[in-house]
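Encoded as C-alpha cells, the structure appears first; notes follow it.
The values are calculated or read from the model by the stated rules, or taken from the named source; none is laboratory data. Nothing here was measured: the structure is a model prediction, and the numbers come from that model. Using ideal geometry, Cβ is built from the backbone for each residue, glycine included, and neighbour counts are taken over all protein chains shown. Remember, those area values only see protein heavy atoms, side chains included, never the ligands or the DNA or RNA. Shrake-Rupley method; radii C 1.70, N 1.55, O 1.52, S 1.80 Å.
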Amino acid sequence: MKKYQAQIHRCFRCGYCKFPTDYSAINCPSYNRFRFDTYSTGGRLWLTYAWLKGELPWSEHLAEILYACTNCKNCSEQCPMKFAPDIVEWIIAARSDMVEQGKIPARVKRFLEAVYNYGNPFKNLRNERAAWANGTRIYEKGDDFLLYIGCLGSYDENGQKMASNLVSLLKKAGLSFGILGNDEECCGNEVYSLGETELFNTLAKKNIDKFRELDVKKIITLCPHGYNIMKNQYQGMGYTFEVYHYTQVLDSLLRDKMLKPEAGRLKVTYHDPCFLGRHNKVYDSPRSALQSLNGIDLIEMDRNKADAFCCGGGSGNFVTDYLAGGKDSPARTRVREAGQTGASTLAVACPGCMVMFTDAIKAEGLEEKLRVMDVSAIIRESIST
Amino acid sequence: MIDILQELSKITDKDYISNNKEELYLYGRDPGLMPPHEPDYVVMPSTVDEIQAIVRLANREKIPLIPKGGGLSLTGLVIPQKGGILLDMKRMGQILEVNESAGYVIVEGGTTHGALKSFLLKNYPHLRHSIPDSPPITTIAANAVIHGQGRLTQQHGFNSDMVCGLEVVLPTGEKCKIGSCAVSPYWFSKGPPLPDLSSLFFGWFGTTGIITKLALRLYPCKKIRDAMLFLTDEAELVPEIMRKLGRTEMIEDLVVTAQPIPLRFRGNYYILFYITGDTEEEVEFKKKMAWRAVWEYFERREGGFVSLPPEMKAPMLAMPSKDTTRFADVSKGGGFEYSGPIAPLEKYPVYVKKLAELADKYDLFYSSAARMIDGGHCMMFSFSYTFNRADPDTMKRAKQALDEAADFALENGGVMWKPNIDEQQMTMSKMDPDTLNLMMRIKKLLDPNGIMNPGNWEVPQ
C-alpha cells in the first residue's frame, strides 16, 4: 500500500464512479447491491484512507466493503480525475495490506487457502483438473497455441462445457494447439486482485516456468481473467509471449473461413466481461464473431462495452459472493436488463459470468425466456459436426 | 429504554439500516471543510410511509433526523451536528410522471439530476431541465432545498424557482401536498394562486420537513447548442458586459471565470455564454445579437472573442461539467470548497479582487465562477479555494480564507448561498431582527421538538 498512501486522499467523493456514461443507472455493482455510500468507490477509498490514518480500526465489515468490489473498473472509466486509471490498483493495494496483516474476511481466507492447498478456489483435486478434457491433446513443443483453461473451465460444470465447445471448434478449424492438463496452475488473477501478492507471484512463476520449458509462444485463454493477468502482469515477469482471448481467435477463424457457420435464427444480446472489456478494451471481437453467423440478430443492452454492468463475479466473487442476495444483486440486475432487450440468448465470453448469470436467471424466473450461452457454444450450434 | 435499531427495523428493510462504524464514519463527513460529526444510525427508506413512520419515531423519541441527498453542498449541510438518524434518500429515485403538455416532471425525493437528464434524453429529447454543474448524483430535491442553480438559471431563476409542486413530510409526521397538487391532480404551480407554502421548505436545509415528491418545470431542449467565450482583462467591465449580454435575452447561460493558471488565465476574465436554437438561422441571429451587445468593447480593444476549437468546446458544452469537479484535484489534494454569495453584478470587481487577495494571504490556489441569475438581477460569485485533504494546515488556511470571504461578501451586500453553520450565524447576526424572529417562529411551529437537521438555522442560546 505504501506507494499509494500519498495518493489515496485525492478522491473527492464526487460520485461519478457510480454511473455509466449517460447516468441512466447505477453502474457500480456493490453500490447497486447495498446502496450505502460506503459501498461506492469513493466511500471505499475514504474508509481505506481513514484506516491508514488510524481513524477507523479494521473490522470484518470494513474488509467486506473492500472485498465487495469486483474490480470491474467502472470507476476508472467514469472518474473525471487524473488518477482514475490507478483506482483499482489502490483497492488491491489496500487488500494487500490487509492480507499482510492477516486481517481478511473469512470467505476470502477460505478462497486463498483453497488456491494455496489445491491450486484452485473450489478445493477440487489437482489431478482432476483435466477431467473435462476427454482426450484433448497435451501441448507439445512446436504446437502453435497453448490453450489455457483456468480454474472455472477446469472444474465448474458450465465452465467445462465452455472448454469442450471451444476445443471442438479449434479442432474443427484445424488449429495446432494443446492444453497443459493436470499440470496447469491457477492463473492467479483473482489471487492478485484479492491482494495476496506472494501467492500470486508463486503461481505466476510456476506458469511462466512451464511456458518457458515448453517454449510456448502463443496462448489462448478461455477466461478473460486469465487473459487479463497474462497480458498485464505476466509480461513483466521475464518471459514474453502472445496472449489471446478465445473470442479473438474465433473471430479470426470465422473471418478466414476456417469455420463455416450455417444459417439459423437467433436473437442474442452480448454481455461484455469486465476483464475483457474495460480492463483490456476488447469489445469488437466477440461481437464480430457472433455477427459472422448467418441469421443472428445481435441486440445491445442499454449498458454495453465500456458502460457494461458487471455480473458481480469479479475479484473472486464467483466464489466469495459478497454481492449475492436480493433482487439488486448485480447478476440479477443484469439478466433483467438482458431480458428487456427481447433477446432469447444472453451471450457471455467468461466462465465467471456464465456461473453468475445461470443462477440469476433461475432466481429471476427467466428460464423460459432467456438462456445463457457462451460465444463458442453459439458458434458451435451453428456449425454442423 | 427503547431500542432504536429494532424500532427502525420494524419500519424499513434491515439491509438498509446501519449503525456500523464504517457507515457512521462516512455519513458524518462531506467533501468540504466543516468538522465531522457522526450520526447514530443511517437509514435508507424506500416509501413515503416509511419516512412518515421514521419521522414519528424520531419526533416521539426526540431524536435528530437529517435528510440527505447527494451530500455535495460542500458546506456540511447534512453533517449530523447533533447525531441522530441520517436518512439517505437515494433509494427513492423514481421518475413518476411527465406532463408533456404542461411541461413538468414529478420525481421522488431521492431522484438524481443525472437520472432525470438521462431519462429525458431517452424519452423526451425535446425537453430539458436546469441541470446543475455539481456531479450527477446530486438529487433534485436537495438541490432545490439549497436554492440550487443550473444551466437554465440565467433564463429562469434559481432551480427552486422552477419547482411547481411538492409533497413533504412535516417534522410531526403529516404528509402535505404543496401547490396546485393540493387541490388538483395537476402539479403546475408550487403556489399561485394559493398562498405559496413552498417557501417553507426552500432554503431551510431540511429543518422544516422532508421532500418526498417534487414537480419540476421542463423547458424546450433546442436542437443546437453552442458556446461563445468573451475575454476582458478589466474586472470593472465585467458587470456591464454581463448585463448587456443578459439583456439581449438571447443567452441560455452565462458564467465568468477567474483563475491564475494556466498562465494565460491570470489577470483575465473569461465570460462564457451559451446560445441555443432549433435552426442554424436562429443560432446565427442570436450570436449576432450577442456580438452587437459587446462590440463596443472590441472596438475599444477592451475585450474580444476567443476562438474555441472543438476539443476546447466539448467540455464546455458537457452537462454537468466535469471540469467543475476536477478543480478539487488541481493541487492534487482532493479538496475544494467555496463561499458563494448571491449578490448584484456590480460587486464582481471587489469580490474578484478579494478572491486573489485572500489566496495570496493564505497561500492557496483559487478560482471563481460567477453565474448570472435571472437575466442579470443578481449573480452567484464563488470564492473557491483548493486544499489538500492530507495536509491539515492547508485545510485550516482554506477555512480561514472562506470565513473571511463570507464576512467580506456579507459586508459588501451579498447574501450567502447554502451557508455552512458558521456562515448561517454570520447571516443571522446581520439579519433584520423581526425577520429572524419570524424565521424562528415558523421553524418552532413546524418542528416543535427541534428534531430536523438541528444545528442549522439555529440562534445560539
Lys/Arg +1, Asp/Glu -1 at C-beta; the protein assembly as shown dipole; positive extreme among A:GLY352, B:ALA58, B:THR257: A:GLY352
What is the angle, in °, between the Cα long axis of helix A:351-363 and the longest principal axis of the Cα atoms in chain A? Nearest 10 is fine, range 0 to 90. 80
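Using the Cα gyration tensor of chain A, with a ≥ b ≥ c the square roots of its eigenvalues, what is the shape: rounded (a/c below 1.5), prolate (a/b larger than b/c) or oblate (neither)? Could the numbers behind the result be given before it?
Details: a/c = 1.84, a/b = 1.27, b/c = 1.45.
Here chain A falls in the oblate category.
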Sequence-distant or interchain residues sharing an amide H contact under 5 Å with A:VAL372, placed H: which? A:LEU346
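Which FRET efficiency value, to the nearest 0.05, is calculated for B:ALA314 and B:ARG247 with the Förster distance at 30 angstrom and r the Cβ-Cβ distance? Before the final figure, lay out the partial values.
Values: r = 29 Å, r/R0 = 0.97.
Efficiency, rounded to the nearest 0.05: 0.55.
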Filter the GluC sites (Glu not before Pro) in region B:1-108 down to the DSSP loop ones having no more than 16 other Cβ atoms within 10 Å, then list what survives. B:GLU100
Buried accessible area between A and B (1.4 Å probe, both chains summed, ligands and nucleic acids excluded), in Å² to the nearest 100? 3600
B:SER429/B:ASP278 FRET efficiency (R0 60 Å; Cβ-Cβ; nearest 0.05): 0.75
The aspartates and glutamates whose Cα lies under 20 Å from the Cα of A:LYS260, excluding any fewer than 8 residues away in the same chain, are A:ASP251, A:ASP284, A:ASP297, A:ASP374, A:GLU381
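Give the relative contact order (percent, whole number) for region B:1-138; include only Cα pairs under 8 Å separated by 6+ residues. Please report the intermediate quantities before stating the final value.
Working: 221 pairs, mean separation 27.5, N = 138.
Computed value for region B:1-138: 20 percent relative contact order.
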Inter-centroid distance (Cα atoms) of region A:163-186 relative to region A:93-132, Å: 25
Apply the Karplus curve 6.51 cos²θ - 1.76 cosθ + 1.60, θ = phi - 60°, to the phi angles in region B:126-132 and return the couplings in whole Hz, x for Gly and Pro. 8, 10, 8, 10, 8, 7, x
Can you classify region B:1-101 as rounded, prolate or oblate using the Cα gyration tensor, where a ≥ b ≥ c are the square roots of its eigenvalues, rounded means a/c under 1.5, and otherwise it's prolate if a/b beats b/c and oblate if not? oblate
Rounded to whole Å, give me the distance from the Cα center of region B:412-455 to that of region A:216-273. 63
Run the simple label-point estimate for A:GLU55 and B:LYS287 please: 7 Å along Cα→C-beta, distance reported in nm. 4.9
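Could you give the accessible area per residue of the protein assembly as shown, probe 1.4 Å, as a whole number in Å²?
Accessible surface, normalised per residue, equals 38 Å².
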Enumerate by residue number the GluC sites (Glu not before Pro) in region A:24-131 meeting two conditions: DSSP loop (anything except H, G, I, E, B), and at most 10 other Cβ atoms within 10 Å of the site's Cβ. none
Return the FRET efficiency for the residue pair A:GLU198, B:LYS361: r is the Cβ-Cβ distance, R0 is 45 Å, and the value is rounded to the nearest 0.05. 0.30
Relative contact order (%) - criterion: Cα under 8 Å, at least six apart; region: region B:224-321: 40
Calculate one ³J(HN,Hα) per residue across region A:288-299 by plugging θ = phi - 60° into the Karplus curve 6.51 cos²θ - 1.76 cosθ + 1.60, and present them in order as whole Hz with x for glycine and proline. 5, 4, 5, 6, 5, 7, 5, x, 8, 10, 8, 10
Region A:140-229: GluC sites (Glu not before Pro) in DSSP coil with no more than 12 other Cβ atoms inside 10 Å: A:GLU140
Once a ≥ b ≥ c are taken as the square roots of the eigenvalues of the Cα gyration tensor of region B:224-321, is the result rounded (a/c under 1.5), prolate (a/b larger than b/c) or oblate (a/b not larger than b/c)? oblate
With the crude spin-label approximation of a point 7 Å out along Cα→Cβ, what separation in nm comes out for B:TYR124 versus B:ILE261? 4.4
Residues meeting the amide H criterion for B:MET379 (H placed from the backbone, H to H distance under 5 Å, 5 or more places apart or on another chain) are B:ALA343, B:LEU345, B:ILE373
For A:LYS218, list the lysines whose Cα falls under 20 Å from its own Cα; do not include residues on the same chain fewer than 8 positions away. A:LYS141, A:LYS171, A:LYS172, A:LYS205, A:LYS206, A:LYS210, A:LYS231, A:LYS281
Mind pulling the angle between the C-alpha long axis of helix A:41-53 and the longest principal axis of chain A? Nearest 10 degrees, somewhere in 0 to 90. 50
What is the distance in Å between the Cα centres of region B:1-43 and region B:195-248? 34
How far is helix A:157-172 tilted, in degrees, relative to the longest principal axis of the Cα atoms in chain A, given as a value from 0 to 90 rounded to the nearest 10? 40
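Measure up B:LYS62/B:LYS396; B:LYS117/B:LYS430; A:LYS53/B:LYS82 against 27 Å on the Cα-Cα distance and list the ones that go over. Spell out each step's value before the answer.
Numbers: B:LYS62/B:LYS396 34 Å; B:LYS117/B:LYS430 39 Å; A:LYS53/B:LYS82 25 Å.
Distance filter (> 27 Å) returns B:LYS62/B:LYS396; B:LYS117/B:LYS430.
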Could you give the DSSP H helices of chain B that reach 24 angstrom or more along their long axis (alpha carbon positions) and whose average Kyte-Doolittle hydropathy is no lower than 0.5? none
From the C-alpha gyration tensor of the protein assembly as shown, square roots of 5λ in Å: 51, 30, 27
Which of the lysines could a cross-linker span from B:LYS244 if the Cα-Cα distance has to be under 20 Å and same-chain partners fewer than 8 positions apart are dropped? B:LYS286, B:LYS287, B:LYS288, B:LYS347
Please list 3J(HN,Hα) in residue order for region A:96-107, calculated via the Karplus relation 6.51 cos²θ - 1.76 cosθ + 1.60 where θ = phi - 60°; whole Hz, with x for glycine and proline. 4, 4, 5, 4, 4, 8, x, 10, 10, x, 4, 5
